[in-house]
1. Take A:Ile110 and B:Lys770, extend 7 Å from each Cα along the Cα→Cβ direction, and tell me the distance between the two endpoints in nm.
2. Starting with the fewest neighbours, write out B:His581, A:His120 ranked by other beta-carbon atoms found within 10 Å of each beta-carbon.
3. Take B:Trp121, B:Trp230 and order them by how many other Cβ atoms sit within 10 Å, fewest up front.
4. Using only the Cα atoms of the stretch A:109-178, build the gyration tensor, take square roots of its eigenvalues as a ≥ b ≥ c, and label the shape rounded, prolate or oblate: rounded if a/c is under 1.5, else prolate if a/b is larger than b/c, else oblate.
5. If you take each beta carbon of peptide A:19-25 and count the beta carbons of other chains within 10 angstrom, what is the mean?
6. As an exercise, identify the GluC sites (Glu not before Pro) in the stretch B:31-111 lying in DSSP coil whose Cβ has no more than 15 other Cβ atoms within 10 Å.
7. Taking the alpha-carbon centroid of each part, what is the distance from the stretch B:98-133 to the stretch B:752-779 in angstrom?
8. Which FRET efficiency, nearest 0.05, do B:Arg89 and B:Asn551 yield, Cβ-Cβ r, R0 56 Å?
Amino acid sequence: MSEDQHDNNPSAEAQTFNLMEMLRVLDPRDLEVERSVGEGLVVRSAELGQLSGVFVEPCFPVTERGMHLLLKDADGAEIGMIEDVHKLDKASRNAVEAELNEQHFIPTIIRVRDISDELHIPVWQVDTDHGERRLELKRRHDVHNMGGGRIYIRDAAGNGYLIPDISKLDPASQQLVQSNS
Amino acid sequence: MTDQRTQIESPSASYVRFNTAGDGPALGELQQPLPEGLGKLVRQELGPGERLIFSFSVDMNIAGQYALKWLVLTERRCMTWAETDDGYRIKLEFSPEELRDVRLRDMRGNHVLFVDTGGGWKHLLRSSNTTSWKLRAITKVLETVKEQGPGALRNVADIELKLPDRPVCKKCGAPIDPRLGVCLACMNKRTLLVRMVKLLFPYKALVVLCLALMVAVTLLGLVSPLLSKWIMDLVFVPAIKGASAAPQTSFWYRFGGAGSRDLLLVFGGIMLLMVVAPSLIGALRGYTSAWVGNRIVVDLSNRVFSHMMRLSLSFYHHEETGQVMSRITRDVQRIHMFLSNRLFNLIRDVLMIVFIVALMLQMHTKLALIVLAPIPILVVASEVARRKIHRIYHMLWRRYAAINRFLSDVIPGMRVVKAFAQGRRETGRFGGIMDRVFTQEMKATRVHVTLQPIFGLATGIGQLLVFVAGGLMLIGGQGEVVTIGLIMAFNGLMYRFYPPVMDLARALPEFERAATSADRVFEVIDSEPELQTGERTIEMPPIRGRVEFRNVTFGYEPDEPILKDMSFLAEAGEMIGLVGHSGAGKTTVINLICHFYKVNEGAVLIDGIDLTEVKLESLRQQIGIVSQEPFLFSGTIAENIAYSKADATSMEVVAAAKAANAHDFIVDFPEGYDTLVGERGARISGGERQRIAIARAILKNPRILILDEATASVDTETEEKIQEALRRLIAGRTTFAIAHRLSTLKYASRLLVLKEGRLVESGTHDELTKLGGVYAGLCEKQNRLAAIATWSE
């Protein structure tokens, strides 16, 4: 009885909507991007025409920088997604990365000099790829282990810092981070 | 006629055929043989050729007094018999032809069965919750008789009685509480000890090594009292009194003469060895036993946790979270302490005692017997203490659990506490709990401090006896040879003898602690998942979405049915709205579709397959739920969305979030999809949580979708966004939605209206409004409320 029922019913699978249609992934070969300092990016493509004042926003700023980047117009409306910045041509890629570095600034910690506790405030002395820095955290829990050796730190002011892979740090830094997270 | 008589003489044969074993339905406890006295009376009542169908007792009489009341059903009549002080009395009797109607009313704590045999309702039986299932069974029988006529009685076997299938203890055969899963009568301390020891089995080799090292240390420990004896008798005494005072022959003379320096050096050397070797061996043993112990903690914790994952939700329905957590941590820790420490010490202590007693007896039997005389006092005292201590420690454990329970209750509810300014009261309650812990701890301490002096006394008396009795024998010099060395050795042995005895006495309460912990841990491991997952073999095929409830009766407590005889059919792809007042059973319907619980009667079928037959995982993989207060685990938002599909790509996660209208607020967080949520993470509003949960459900791409008040606690604008997301999600799937706001259900293809656990109306919104029934009433109320809301704005 139930079998007949099924046969009368066309495959229900087809009726559900296609999830991936929600995304508008841009063709990297079709994109040409350059910076217009102070006004975001200028994007040229056969599909979109020429757009200026474009901003870039990463979906996964901590775990997948450079991947799944959203392009938004000046009003914040989404234009589309660049799946992988590495698939753009060299000039476009440089433009996007430079813009990204400005619009979504997360320096990388390359060395940890010291971690101390000043009146219960954890203080980190670090070298980043953007220079030396002293971080004051709100609490010890603000050092987040994101899995795969990736560590993300947010200081009391809300600035983010990244250690992409703790095992790549020098042993002294590793020791310090591990005993303070 | 004669035939009939012979049948009735033997009680078992007087029942109709299907009751005999292996034939017809398993009537189980419903078929109770009549007691001697009643059996005789009933037999006198029976007419020629009249046979018994079955008889059973319930635990209450009509007045509500606890007393056995019997129901006897024959082919020609139904009788009830009450047990009174002067025997059995027939209370009610009617023939199937007279039966006009039957009605079972479920009341608080008891249930009453009425029959109408002409002339209005009459009480037939009354029962507490304990035996109410029997009332249900007989009601079914009588209803069938009413519908099909008296002939139905001849085919009682064909009536589906839906008797509870209760788990039975494998050892004693008694029915056991399905929620407990353990037969309390068959659980004893000895089996607990055996089971705890069995945990060591995987590490046999290491355990044997530990034991060997321990025996070595124990034996070495006994050498030094002997050495002191030899030094005294072979070196010191001869040195003072001359060689004639020494024994004539000795093994040790081959190293040097009596009283010589060489002999002293040999003994000195052995003594040094005796000091060094035990600490080395002891360290090795300590390390090995700690390794084994910690392995067991890991094994046991994993076992308890994985078992808890398999248990059905009813387990968590009956247990408080604090207690369950305490089981994995504290109780396992106690078992570890016992196995890695106490058990080995216990064996060492016993060995030590045995060796010392043997050595003493071998050296001087009479003195040994005198010196060991106080031992029985110790044994008796420790046995008395043991009983007392067990009770005290169980209480203590419960009081510590009370602290956890209190905290896990109050701290998550801090907003409520503060909002109602109840801080002072909660502080007072906490203080009360701590006071009770203190009192109980002190009780335990009192038992300890009273025990200590008893052991002290016994030790003192033992040593006194060595010197006085030994001395008298030395002075008297009759018969047995008592030397100074012997007295020294005995004294030394006595020093070594009492610590293990005291340890043993102390080990008992610790064994008690470990045993109560083990009791609880094994209780979890032993509790059979109610859903009997192990025996299921059918994988749920890809679901098309046809969901059917067939005469489902279900309650979380066996005797409080929430759903009563509910039947409905949802075709694949339909969206069904469940409507009704709170407590009407909407959420219960959903719990049963997910098969979180087993139905008491009837069946839930998906695509014609009874859910009790399919593997749970294969079923639940195809069902998605968005609930009122979605739970987010600690981790990133991306991880939370991907929880339903571990291998989802980042693109899929983003696409799902977009479909759920969650994408925009997610990328507005500084860390986007990498934003951490959960206890230590960012604060996420109810509406945002909801949409993350919808994204989770979208990504899972379930065949059956359940929306449990998915839009209950969000504002109108957010609700619109969620509604839009839900419309995408619903497309092409069978959906069940609960909503208080009836407007939320406007896309439903059909509404089911529940009232007090029964399906009262079903149809589209328009049909139901026209009907003017329960649904129309609900709508009207909501419209009035909405009008007030608009007006007050």
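Read-outs throughout are calculated quantities, based only on the coordinates presented, and are distinct from any laboratory measurement. Remember, predicted model here, so these are calculated numbers, not experimental data. With ideal geometry, Cβ positions are generated from the backbone for all residues, glycine too; neighbour counts draw on all protein chains shown.
1. So the two model labels end up 7.7 nm from each other.
2. A:His120, B:His581
3. Neighbour counts put them in this order, fewest first: B:Trp121, B:Trp230.
4. Cα axes put the stretch A:109-178 in the rounded bin.
5. Partner Cβ neighbours, averaged per residue: 6.
6. B:Glu50
7. The two parts, judged by their Cα centres, are 30 Å apart.
8. E between B:Arg89 and B:Asn551, to the nearest 0.05, is 0.90.
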